[in-house]
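The values are calculated or read from the model by the stated rules, or taken from the named source; none is laboratory data. Being a predicted model, the structure only gives us computed values, none of them experimental. Neighbour counts run over all protein chains shown; Cβ positions are idealised from the backbone, glycine included.
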Amino acid sequence: MSPTGSSMAEEMIVDIRKSFGSRFVLDVQFTLALSPPTVLILFGPSGSGKTSILRCLAGLDWPDFGLIKVGEDVWFDSNTARRLGPQRRELGYMFQDYALFPTHSVAGNIGFGLRSLPSAERHTRVNAAIALLQLHGLEDVKPSRLSGGQQQRVALARAIVRRPRLLLLDEPLSALDLPTRTQLRGELRGLLRHLAIPSIAVTHDWEEALALGDRMAVIKDGRVLQTGTPQEIFNLPKNLDVAKIVGMETVIPGRIAGTDEGLAIVEAGGAKVIALTPEAPGSDEVFVCIRAEDVVLEPIGSGTTSARNRLVGTILGVTSTGALVRVDVDCGFPLSALVTRAAVEDLHLAVGTRIVAAIKAGAVHIVPHPTGTRSTPPASIM
Amino acid sequence: MNWTAIALTFKLAGFTALILLLIGLPLAYWLSFSRWRWKFLVESVVALPLVLPPTVLGFYILVAIGPHSPLGRLYTDVVGHPLPFTFEGLLVASILYSLPFAVQPFVTAFDQIDRRLIEASWTLGVSRLMTFVTLIIPLSIAGLVTGVVLSFAHTLGEFGVVLMVGGNIEGETRTVSIDIYDEVQALNYAAAGKTALFLLVISYAVLLTIYAINRRVWGPIHWQEPAARVRTPASR
C-alpha cells in the first residue's frame, strides 16, 4: 500500500443531491479530513439546508443521488444502491433540542446505545462520560428536571459515549440562553479538541463558527458557496452572498496582552486594539472580529473622539459594493471599513492615502481561538 | 347469578384483550409509522366495527367461518369440527369486533411520540425492534394500557355478535349479556337485575381505572429501565 493511498482514505467525501418537492434542491459537495480529526462548520441562514445535510449524513434521510464515503467505507452510493442504515454508521448525533429520552434517567440516556456491551464495560463507559461532562449526582434524574445546560451535556455525553467515527452536532448551543451559551461554547471547544473525533457542526452563529471550526462551509439555498478556514472566509468572502451571510468582515488572530477595568488590550498584527474583556475567559489566543460598518475613517490630525481605538493606516483598496464602498486599510493588520460614496469623495480616499481608522472598544469582538491551549476539559478519562 | 356465564365472559374478554395486544401492536405501529399513501384504506377497515351493527358484522363472520367457506372448511379439516357455535369461533368474532378499541388507542399513543426520539435511538446503533421494545413501548405505555382495558371491557358487554356467531350454549358460548337476556325472557327479573348490576359495576370500575391512568391520578406510569439502568456510585 502506498503512503498516498492510505492518506487518500483518511477523508470523508460528501457529494449528494436531494429534492424536496419542486421548490428546494439540496446539492452539496465537500470533504472532511479525518486524520488529523477536523471540525467542519456548516454555516448558513436558517432554511439553507444545513440540517437536511446532517440528516443525510446520519442516514435518517436518503439523498436522491450521490455518494457519502468515510475513509474506505461507503455509507451511501446511488450508483450501487448502497444505503447504510443509521445504526451501522457508528456516529454520534446531537439533535438541536437534544431529543433526550424522557422515560430514561441521565445514566439511562447515556448508556442507551451501549446495551450490547458487557455490563461492567457499560458502567465504566457511562461513568467516564458522566465525569467528563461533569454530570456527577445527576445519574438518576430524568431529563425533564435538568436545566438547559445540563441537558446539552447529557446529549453530548450520549453522542460521544460510543466513541463514534463521526460526530454530528445540529445547532449544538442554540437552545441555551446567552450566558450559558458563552460558557458552554468554550467547554465544547475544549471537549472537541480533547476527544479528537471528526465532527460536523451546523450553526448560524459566527462566534460559534470561529470558536469551534477548523474548516467552514457556507451554505445557502442548499448549495455550498465557499469552503475554507473560518478566518479565510470571514476576511475574504468569495462574493457578496457569502459576505452577507457571514456578516463579519475583519477576523484576525491576536493575543490578549493585558486587561484593565473591563477592557482587554489585544495585540493583533503590528497593532494594539482595545476591546471589552470576553465574558468567558478562555485562552489568551483569540480572534479579533470587527464589522466593517463599525469602522469610522478620519483624516490624520483630526480631533479626539470617544472611540478607544484610533489606528493609523494606509489604504490598500477601494471597492464599490452597491450603495456603500468597502475600503481596505493596512493598519498593522488588514481592516475593512464600509463608508458612503460621499465620504470617499470628501476624504479623498484612494489607494496609498494615510488615514485614521476609529473603532469603539465595544465594536471589537473577542472570540477564543479554537487552537488555544488554556481551555482543556476538566477530566481526561475517555 | 350464573357463575359459569360470568367465568366464560371473563375468559373470552381476557383472551381477546391478550390476542389484540399481540396483533394490535404491529398493526398500530405500521398504521402510525408507514408513509404509504393508501394507508387510510386499512385505517377505515380497522374502524368499521365501530359503526357496523353487531348483527351485520356477526353475519359476515358467521358466513366467513362457516362450513361453506374455504376458511371454514380448512378449519374443519384441521381441527375436526366447525368453528361457529364454539368458544374459538366466539373468540375470532370478539377479536374482530373489538379491534378498533385496541388499535386506535395504540395508534394515538404512537402518533404522539416525537419522531426525533426514535431517530436518536437509531443513531445510537439500536435496531428498529429494540427501539420499539425499549423506547416506543415505555413512551406509549398509558395508551397501550388504555387499548387493552378498553378491548377487555368492550368484549365483556358484547351481545349481537355473540348471538350471531356463538349462539347460546351453556359453558361454551353463553356470556353474561346473553344470560341476562335469557332471564328477562323467562320473566326472571331478580336474577337478571343481579347480573346486570354486576356487569355495570365491573364496567364502571374498568373505565374508572382507564380515566384515572390518563389523568395521572397516581402519577405517570413509570417504566423500569432494566437493561439501561446503570449502577453508579451515587445510586448505590
*Going through the stretch B:150-169 one residue at a time, which ones are touching a helix residue (DSSP H, G or I) at 6+ places or on another chain (Cβ under 7 Å) and within 21 Å of B:G66 (Cα to Cα)?*
B:E158, B:F159, B:G160, B:V161, B:V162, B:L163, B:M164, B:V165, B:G166, B:N168
_Counted residues, the stretch B:123-132 - those being facing chain A (nearest Cβ under 10 Å) and surrounded by fewer than 21 Cβ atoms within 10 Å (Cβ to Cβ)_ = 4
*asked:* I'd like to verify a number: residues in the stretch A:186-203 that are in a loop (DSSP other than H, G, I, E, B) and closer than 18 Å to A:I366 by Cα, how many?
replied: 0
*Could you say whether any residue in the stretch B:203-214 is surrounded by 14 or more Cβ atoms within 10 Å (Cβ to Cβ), in contact with a helix residue (DSSP H, G or I) (Cβ under 6 Å, 6 or more places away or on another chain) and at pLDDT 85 or above?*
yes
_Filter pass, A:G332 being without any contact (Cβ under 8 Å) to a residue 24 or more places away in the chain, surrounded by fewer than 21 Cβ atoms within 10 Å (Cβ to Cβ), in the same structural domain as A:R354 (by TED's automatic domain parsing) and not in a strand (DSSP E or B)_ = no
*Does A:T314 meet the test of being hydroxyl-bearing (S, T, Y), outside any strand (DSSP E or B) and surrounded by fewer than 17 Cβ atoms within 10 Å (Cβ to Cβ)?*
no
*asked:* Looking at the stretch B:110-122 only, could you name the residues that are in contact (Cβ under 8 Å) with a residue 60 or more places away in the chain and either surrounded by 21 or more Cβ atoms within 10 Å (Cβ to Cβ) or within 7 Å of another protein chain (Cβ to nearest Cβ) (or both)?
replied: B:F110
*Kindly provide the set of residues from the stretch A:168-190 that are touching a Leu at 6+ places or on another chain (Cβ under 7 Å) and crowded, with 20+ Cβ neighbours inside 10 Å, ordered by number.*
A:L168, A:D170, A:P172, A:L173, A:R181, A:L184, A:R185, A:L188, A:R189
*Please indicate, with yes or no, whether at least one residue in the stretch B:157-168 is surrounded by fewer than 21 Cβ atoms within 10 Å (Cβ to Cβ), at pLDDT below 90 and closer than 18 Å to B:A102 by Cβ.*
yes
*From A:T321, A:T259, residue being in contact (Cβ under 8 Å) with a residue 40 or more places away in the chain and either under 20 Å from A:G362 (Cα atoms) or among the polar types (S, T, N, Q) (or both)*: A:T321
*Can you tell which of A:A201, A:A196 is away from chain B (no Cβ under 14 Å) and surrounded by fewer than 20 Cβ atoms within 10 Å (Cβ to Cβ)?*
A:A196
*B:L135 is checked against (1) within 14 Å of chain A (Cβ to nearest Cβ); (2) touching a Leu at 6+ places or on another chain (Cβ under 7 Å); (3) not in a helix (DSSP H, G or I) and fails just one. What number does that condition carry?*
(3)
_Just to be sure I understand, how many residues within the stretch A:118-135 are assigned to a loop (DSSP other than H, G, I, E, B) and either under 28 Å from the mean Cα position of the chain (by Cα) or facing chain B (nearest Cβ under 7 Å) (or both)?_
3
_Given the criterion among the β-branched types (V, I, T), touching a Gly at 6+ places or on another chain (Cβ under 9 Å), surrounded by 15 or more Cβ atoms within 10 Å (Cβ to Cβ) and in the same structural domain as A:G332 (by TED's automatic domain parsing), identify the matching residue among A:V296, A:V286._
A:V286
*asked:* Residues that are without any contact (Cβ under 8 Å) to a residue 12 or more places away in the chain and away from chain B (no Cβ under 14 Å), at least 1 per element: which helices (runs of 4 or more DSSP H) completely within the stretch A:1-117 meet that?
replied: A:3-9
*Out of B:V63, B:V42, report the one residue that is of a type in the set (V, I, T) and more than 21 Å from B:L20 (Cα to Cα).*
B:V63
*So is A:L178 more than 25 Å from A:T31 (Cβ to Cβ) and in the same structural domain as A:T38 (by TED's automatic domain parsing) or not?*
yes
*asked:* Going residue by residue through the stretch B:75-87, is there one that turns out to be under 19 Å from the mean Cα position of the chain (by Cα) and either touching a residue at least 60 places away in the same chain (Cβ under 8 Å) or part of a helix (DSSP H, G or I) (or both)?
replied: yes
_Is it the case, given these coordinates, that B:A120 is at pLDDT 90 or above, more than 30 Å from A:W75 (Cα to Cα) and not acidic (D, E)?_
no
*asked:* Looking only at the stretch A:232-276, filter to residues that are in a strand (DSSP E or B) and under 17 Å from the mean Cα position of the chain (by Cα); which one of those is surrounded by the fewest Cβ atoms within 10 Å (Cβ to Cβ)?
replied: A:P253
_Within the stretch B:143-157, does at least one residue satisfy the condition of being closer than 17 Å to B:A28 by Cβ and within 14 Å of chain A (Cβ to nearest Cβ)?_
yes
